[in-house]
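Below: one structure, written as C-alpha cells.
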Amino acid sequence: MAQLTFREAIARGIAQEMRRDESVVFLGEDVGAAGGVFKGTVGLFEEFGPLRVRDTPISGLRPIAEIMFADFFAVCWDIVANEIAKSRYMTNGQLTFPLVIRSGNGGGLRFGAQHSQSVENWAMMIPGLKVVVPSNATDVIGLMAASVRDNDPVIFLEAKALYASKMDVPDGEIVDTLGSAKVLREGTDATVVALGAMVPKALAAAEELSNAGIECTVVDVRSLVPLDMTTILREVSATGRLFTVEENPRLCGWGGELSSIVSEEAFYDLDGPIVRITTPHIPLPAADALEDLAIPSVERIVTTIAKSMNS
Amino acid sequence: MTSTQAAPELSYLEHKVAMYRSQVALRRFEQRAYDLFLENYVKGTSHLSIGQEAIAAGVAAAMRPTDWTFATYRGHAHTLARGVPMTPVFAELMGRSNGLMAGKGGSMHLTSVEHGVMGSYAIIGAHLPIACGAAWSAQYRGTDQVAVCFFGDGSVNIGAFHEALNFAAIWKLPVIFFCENNLWMEYTRTSEVTAVANPAADRASAYGLESIIVDGNDADAVYEVASLAIARARAGEGPSMIEAKTYRHGGHSRADPGKYRPDDELAEWLLKDPIPLYRSRLLEMGVDEDELLVLEADVDAEVDTATNEAKAGAAPGEELLFQDVWADGSGSWRN
C-alpha cells in the first residue's frame, strides 16, 4: 500500500501496461522528456525510451495517445469521430483499434472556456467510442489497464481538478473492468449518480445530507460506454429517487440519457422526479468566483437534493 | 487482376501487358459501375476513376503484396489494382451481403486488409495522417513495408495534409503521398482556389521533400516514379510526395455530368486517354494485337461474370446491423 496522487497513478498505470506488453506505446505533445504538462507521465520516457514514448498515428500496436486538454478533441475530432470510431463497423470487422486516448478533462483550474470543458458527452454520443472517467488514483490504474487491454478505442478522461488528490493505492498489478459502476456509499432515501471530479463532491454532499437526516447511495459511473445500467437501475429502484451530478454542460449531458433509461425501465419504482445537477449550458468563465458558481459544488448538490427530498 | 501485383519474374513485355490489362479492367469495371447506377443497382453515391487508370495500375505494379494502400472515396480503381476481385466490389456498390464489407461500407469506404487495401477515406485529407500511422508501425516493428497514400488536388488545402507531411518528414516515415491532380475539385477548378500552380509538388519543399511531377496518364512513367519512391522508403530514406497530372473523363460523382468543364478541355484530355495510348505503345513494341484482343475479351467476360455474381447476392441480413461496432463483434453499449 502506498500513498499515491491521481497524477502519479497515471504514470504507474501506463508503466504497468508498457512493461507487460511491448506493443503498448505512448504518444502526445510534450510527453517525452518533459513528462507531460500535467506531469502525469513523469518517468515513462526515462524507462521506455524515445521509441515507445514519442512526442507526437498506427497498426499492429496498442498506442496510448495524449490530448493535453480535452477541449483539443475539437481539433482532431474528424480522426476520432469519423475514422477511429467507425472504421471497424464500416469494414465489417476488418480493422480493429486497440487505442487509448487520454486527456485532461474539466474545470476547476480557472483556465477559461477553451481549457476547462468537460467533454464526456461529446465522446459518449459517437457510436464506436468507449468512454472511461476515473474518480480516484486506484481506479486510474485499474481502468487504464482495462482500457489498454480492451480492443476498442477508449476515450480516457482524467479530471484535471483531481490530479493532486491522494489515496492509499494497493501494491502490485491492478486491473479493473470496463462497464462496471461502483457503489461507494449505501443509503435508503436517494441515489446520487456521479462521474469523475463530481464523485468526491457527491460523497461530501452525502455526508452533509446524512447530518440532515437524508441518507444517500452514491454510485460512481466510471464508464459511460459501456454503461452499467444494471447497477444504476438496481440502486435507483432501491431508494426510489435519482439525482445525477454532472460536470458536462446541461444539454445532452450523460445524465439526460440515464434519466431517459430510468424513466423507461424503472418508472414505477420512482417516488419523485429525477433531478439533474449540472454545469449550466454556458461556456465556462475563467474567474474563480464565476467558475465556482458554474460547476456543481457540494453546497449546490446538498441544497438541490434537500429541497427536492423535502418538497 | 492479380497479375498486376509486382512480379519481377515477368519479362519486360509481360510486365507491360499486365499493366495494360489492369488499366483495361479498371476502365471496364467503372463503365459497368456507371451502367449499374443508371439501372438503379448502385443506390448510393460513387466516384469513378475513368481517365485516371494509369495511376492506379502503375503504382500497384510497383508495390509488394505486403505494402499498404490508402485510397480516397474515388477508390474503386486503387482497390481493384491491388488484386481485390471484382465481384465483392460490385456487390459492395450494390449493398449486397457478398460485398467486400457485406454492404456496411459502400462505394466510398472500400477496404480489403488481406490485399493491403487499408481503406478508402471519404473525409478529404483524413487518411494522410492515418497512412503515417501505418508507416510508423512498419518503422517501429522493423519491417520494410511502405504505405502509399492517394489523395486528390483538393486535399492539399486542408490541415491534415500539412500535419501528415510534417510528421512523415520529421520521423522519416516509409510513406508515399500520391496526388492525383485531375484539375477539378468537385465542381471548382483547383487553380481558382489554390495558392500555387502545382497543388502538391509546390508544397513539397515546405517539408524538405523533392518536388516530383509525373504524367498521370502514362502508366510506365507512373510505375517508374513510384518504384523509385517506394525503394527510397523501404531503404529508410523517408517519405516522398508525387503529383500526377491527369483528368477524370466524367463528373465528380455518379449523376454529375461535369458540364462546368469547357468542351475543348475535355476533348484535349480525351486525346490523352491513357488506355489507347498505352495500347499503341504495346503494338509499337511488337506485342501481337490478337493477344490484346483476347485480353480485352477476357476482361469483358470477367466484368460480366462479376456483375452477375454480385447481382445474385442477397441483401445483408438484420443480424449485421449491430455486428462489429466493437471488437468482440457486438453492438451493445449497456448492460
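Of note:
- Residues of the range A:213-235 satisfying the condition of being among the basic types (K, R) and more than 15 Å from A:L203 (Cβ to Cβ): A:R234
- Some residue of the range B:62-75 being crowded, with 23+ Cβ neighbours inside 10 Å, in a helix (DSSP H, G or I) and within 13 Å of chain A (Cβ to nearest Cβ): no
- Single residue of A:V225, A:V221, A:V245 found to be within 14 Å of another protein chain (Cβ to nearest Cβ) and within 14 Å of A:S135 (Cβ to Cβ): A:V221
- Residue in the range B:157-166 that is assigned to a helix (DSSP H, G or I), at pLDDT 95 or above, within 22 Å of B:V225 (Cβ to Cβ) and touching a Cys at 6+ places or on another chain (Cβ under 6 Å) present: yes
- Of the residues making up the range A:167-185, at least one is of a type outside the set (G, A, S), surrounded by 21 or more Cβ atoms within 10 Å (Cβ to Cβ) and not in a loop (DSSP other than H, G, I, E, B).
- Sole residue being within 14 Å of chain A (Cβ to nearest Cβ) and farther than 30 Å from A:T177 by Cβ, chosen from B:G286, B:G329, B:G317: B:G317
- Here A:V140, A:V100, A:V131 are screened, and the one residue that is under 14 Å from the mean Cα position of the chain (by Cα), among the aliphatic types (A, V, I, L, M) and away from every other protein chain (no Cβ under 14 Å) is A:V140.
- Restricting the range B:83-102 to residues that are surrounded by 22 or more Cβ atoms within 10 Å (Cβ to Cβ) and closer than 15 Å to B:Q323 by Cβ, the residue that is farthest from the other protein chains (Cβ to nearest Cβ): B:G99
- One residue stands out in the range A:67-94 among those that are assigned to a loop (DSSP other than H, G, I, E, B) and more than 7 Å from chain B (Cβ to nearest Cβ): the one that is nearest to A:D21 (Cα to Cα), namely A:A85.
- Against the list (1) surrounded by fewer than 17 Cβ atoms within 10 Å (Cβ to Cβ); (2) in contact with a Ser or Thr (Cβ under 9 Å, 6 or more places away or on another chain); (3) over 21 Å from A:I79 (Cα atoms), the condition B:Q145 fails is (1).
- Of the residues making up the range B:107-125, those that are facing chain A (nearest Cβ under 8 Å) and touching a helix residue (DSSP H, G or I) at 6+ places or on another chain (Cβ under 9 Å) are B:H109, B:T111, B:S112, B:M118, B:G119, B:Y121, B:I123.
- Near pairs, Cβ below 6 angstrom, 6+ apart or cross-chain, from the range A:48-59 (over 20 Å from B:I130 (Cβ atoms)) to any residue that is at pLDDT 85 or above: A:F48/A:M18; A:R52/A:V25; A:V53/A:F26; A:V53/A:L44; A:V53/A:F45
- Checking A:R88 against (1) closer than 30 Å to B:N98 by Cα; (2) surrounded by fewer than 20 Cβ atoms within 10 Å (Cβ to Cβ); (3) basic (K, R), the condition it does not meet: (2)
- Subset tally (residues that are assigned to a strand (DSSP E or B) and either more than 17 Å from the chain's Cα centre (by Cα) or not acidic (D, E) (or both)) for the range B:198-223: 3
Here's the yes/no breakdown for (1) modelled with pLDDT of 95 or more; (2) in a helix (DSSP H, G or I); (3) surrounded by fewer than 16 Cβ atoms within 10 Å (Cβ to Cβ); (4) small (G, A, S):
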| residue | (1), (2), (3), (4) |
| --- | --- |
| B:A6 | no, no, no, yes |
| B:R27 | yes, yes, no, no |
| B:G44 | no, no, yes, yes |
| B:I50 | yes, no, no, no |
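- Members of the range A:257-270 that are closer than 21 Å to A:A205 by Cα and of a type outside the set (A, V, I, L, M, F, W, C): A:S259
The values are calculated or read from the model by the stated rules, or taken from the named source; none is laboratory data. Only a predicted model underlies this, so the values are computations on that prediction, with no experimental measurement involved. In this analysis, Cβ positions are derived from the backbone assuming ideal geometry, glycine residues included, and neighbour counts consider all displayed protein chains.
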